[in-house]
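The values are calculated or read from the model by the stated rules, or taken from the named source; none is laboratory data. In this text the structure is predicted, and so the values were computed from the model without any measurement. Please note: Cβ atoms are built from the backbone with ideal geometry, for glycine as well, and neighbour counts cover all protein chains shown. Keep in mind that these areas ignore ligands, DNA and RNA; they rest on the heavy atoms of the full protein, side chains included. Shrake-Rupley method; radii C 1.70, N 1.55, O 1.52, S 1.80 Å.
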Amino acid sequence: MFRQWMFLGCLMVTGMAFCQSVNYDESKVPAYTLPDPLVCEDGSRVETVADWTRRRAEIFRQFQEQMYGFLPEMLEKAGNHPDFVTFEVVEDCPDALSGTALRKQVVLTFTNPQKPGQKVTANLLLYIPKHAKKPVPVFLGYNFMGNHTITPEPEILAFHDRAGNVLTEETLAQKEGTSARGGRVNRWDVAQILENGYALATMHYVDVAKDQRNQCFTSGIFDLYSDYEGETSREKTDWGAITAWAWGLSRALDYLETEKLVDAKKVAVMGHSRLGKTALWAGASDPRFAVVISNNSGCGGAALSRREFGETILIMSGGLRYWFCPKFREFGERVGDFAIDQHELMALMAPRPVYVASAEEDRWADPKGEYLSCLHAVPVYQIFGIEKPFGDQTTPELPSLNQSVGNVIGYHIRTGIHDVTPFDWTQFIQFADRFLK
């Protein structure tokens, strides 16, 4: 089913109710001019990698100020491997998935010295090919419904349901469909990942921060590292949920750097939908991620905001505004004043490989806008001397369905709906093979 049903009614923005129709007509995409990632704030032009280093810092700060928000000072100063995040391997199974994998479960515990006795825990599930001869590359990403939904194995710990409620074995036994054990096996092609020599590491994003506007900022790591009374108590450039989730992915990577069975220099961060937005911001924020993959991430992810097609800043300024910093809402009705656009988010990955996946029927995510972000990031990759970074893609026309295109920048649009399919995983694996094997 399409996601747009969520937004076709009236939304609340700045305390006033309004109704906005969703544009799915290319002829109604407004004329726009994209900001040039190769022009610095002082007007000088980027000509070298050294120039880009300076320009990249400007663009990254603009994304912090206008879209995703700044981390609290404590987290920013701590950098990677903060001593207030610890890991405990609570299960190490040598014979998982019918003997094809090793399974580890690692509890990440987040604390704050200024709030003794308070903690947040998240469970990292790790599957590793059983007969690997050397440390293997890894796909890392959040899941939507809980680690227990990835495979039906009964030993997998379940911390929370998607609403953030604590799960017990009794309540879990009552779950049906996508929230039951193994309920999301369709989204995680674990067999294909393992057969191709990759480990899979995943966490339930709700363990880190709740995906609910009325609870997000008074629970999880927001409650631990901030002192908000609610969503409206944030300052204009304070962090939103996407930044919190992205920070959590970097902490999972911290653990992987201690795990001898995987190669933490070869981690591909992948996300779908809002977690695709998260994967892109995590990749931009943490250069340790070797490959960055976005699946159906839409506005605030891979799709150009200025196209105002499908999901838009104005729409997200309603019930989903907690994903972003409060200042982001200001551009809902004046997107042309936005200092940045998502092609520059793609450019922040350069020269690392980045892959964007779209679905034909997922117009809400604006497949063409996702493709154009890749296309308009090309000049930055060329600064690094990469010839044809997007392969033979030089025009704004979408490529043919169900084929992967590109080079260091990769893209496909497949038939079907907003989802993650075995076809997607095949393309992700083949793309990662070129850089991680």
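Of the conditions (1) open to solvent by less than 30 Å² (accessible area, probe 1.4 Å); (2) more than 14 Å from P35 (Cα to Cα), E360 satisfies every one except a single condition; which number is it?
Unmet for E360, out of (1) open to solvent by less than 30 Å² (accessible area, probe 1.4 Å); (2) more than 14 Å from P35 (Cα to Cα): (1).
If you check T243 against the conditions, is it of a type in the set (S, T, N, Q) and touching a strand residue (DSSP E or B) at 6+ places or on another chain (Cβ under 6 Å)?
In short, no.
Tell me the residue from Q427, Q393 that is touching a residue at least 40 places away in the same chain (Cβ under 8 Å) and among the polar types (S, T, N, Q), please.
Only one candidate qualifies: Q427.
Within the group Y411, Y371, which residue is open to solvent by less than 20 Å² (accessible area, probe 1.4 Å), within 26 Å of L194 (Cβ to Cβ) and modelled with pLDDT of 95 or more?
Residue meeting the stated conditions: Y411.
Which condition from (1) open to solvent by 20 Å² or more (accessible area, probe 1.4 Å); (2) under 27 Å from R61 (Cβ atoms) is the one that M349 breaks?
The one condition M349 does not meet is (1).
Would region 331-341 turn up any residue that is crowded, with 23+ Cβ neighbours inside 10 Å, at pLDDT 95 or above and aromatic (F, W, Y)?
So far as region 331-341 goes, no, none of its residues is crowded, with 23+ Cβ neighbours inside 10 Å, at pLDDT 95 or above and aromatic (F, W, Y).
Listed residues A209, A199; which is touching a helix residue (DSSP H, G or I) at 6+ places or on another chain (Cβ under 6 Å), buried (at least 18 other Cβ atoms within 10 Å of the Cβ), at pLDDT 95 or above and small (G, A, S)?
None of the others qualify; the one that does is A209.
Scan (1) out of contact with any Ser or Thr (no Cβ under 8 Å at 6 or more places or on another chain); (2) at pLDDT below 95; (3) open to solvent by less than 70 Å² (accessible area, probe 1.4 Å) for the single condition I156 breaks and write down its number.
(2)
Restricting attention to region 379-408, which residues are β-branched (V, I, T) and open to solvent by 20 Å² or more (accessible area, probe 1.4 Å)?
I383, I386, T394, T395
Please go through region 9-34 and pick out each residue that is at pLDDT below 60 and in a loop (DSSP other than H, G, I, E, B).
Within region 9-34, the first condition is being at pLDDT below 60, and the residues that meet it are 9-19.
Matches in region 9-34: G9, T14, G15.
Out of curiosity, is K133 modelled with pLDDT of 95 or more and of a type outside the set (V, I, T)?
Criteria not met by K133.
Considering only residues that are of a type in the set (D, E, K, R) and under 18 Å from the mean Cα position of the chain (by Cα), look in region 190-214 and name the one that is nearest to H272 (Cα to Cα).
Of everything passing the filter in region 190-214, D211 is nearest to H272 (Cα to Cα).
Could you tell me whether T86 is within 24 Å of S250 (Cα to Cα), among the hydroxyl-bearing types (S, T, Y) and not in a strand (DSSP E or B)?
Criteria not met by T86.
Does E91 meet the test of being under 18 Å from P287 (Cβ atoms), of a type in the set (D, E, K, R), out of contact with any Leu (no Cβ under 7 Å at 6 or more places or on another chain) and open to solvent by less than 70 Å² (accessible area, probe 1.4 Å)?
Answer is no for this residue.
From D362, D366, which residue is at pLDDT 95 or above, at positive phi and under 21 Å from the mean Cα position of the chain (by Cα)?
The match here is D366.
May I ask you to list pairs of residues, at least six apart or on different chains, whose Cβ atoms are under 9 Å apart, with the first in region 259-276 being polar (S, T, N, Q) and the second being open to solvent by 10 Å² or more (accessible area, probe 1.4 Å)?
S273/R3; S273/F144; S273/H418
Any residue that is in a loop (DSSP other than H, G, I, E, B) and over 29 Å from R321 (Cβ atoms) - is there at least one of those in region 202-214?
No: region 202-214 contains no residue that is in a loop (DSSP other than H, G, I, E, B) and over 29 Å from R321 (Cβ atoms).
For M6, state whether it is in a loop (DSSP other than H, G, I, E, B), among the hydrophobic types (A, V, I, L, M, F, W, C), farther than 30 Å from F60 by Cα and at pLDDT below 50.
no
Taking the condition in contact (Cβ under 8 Å) with a residue 12 or more places away in the chain and in contact with a Ser or Thr (Cβ under 7 Å, 6 or more places away or on another chain), does R329 pass?
yes
Would you please name the residue that is nearest to F328 (Cα to Cα), looking only at residues in region 52-70 that are open to solvent by 40 Å² or more (accessible area, probe 1.4 Å), free of Cβ contacts under 8 Å to residues at least 24 places away in the same chain and not aliphatic (A, V, I, L, M)?
So the residue we want is R61.
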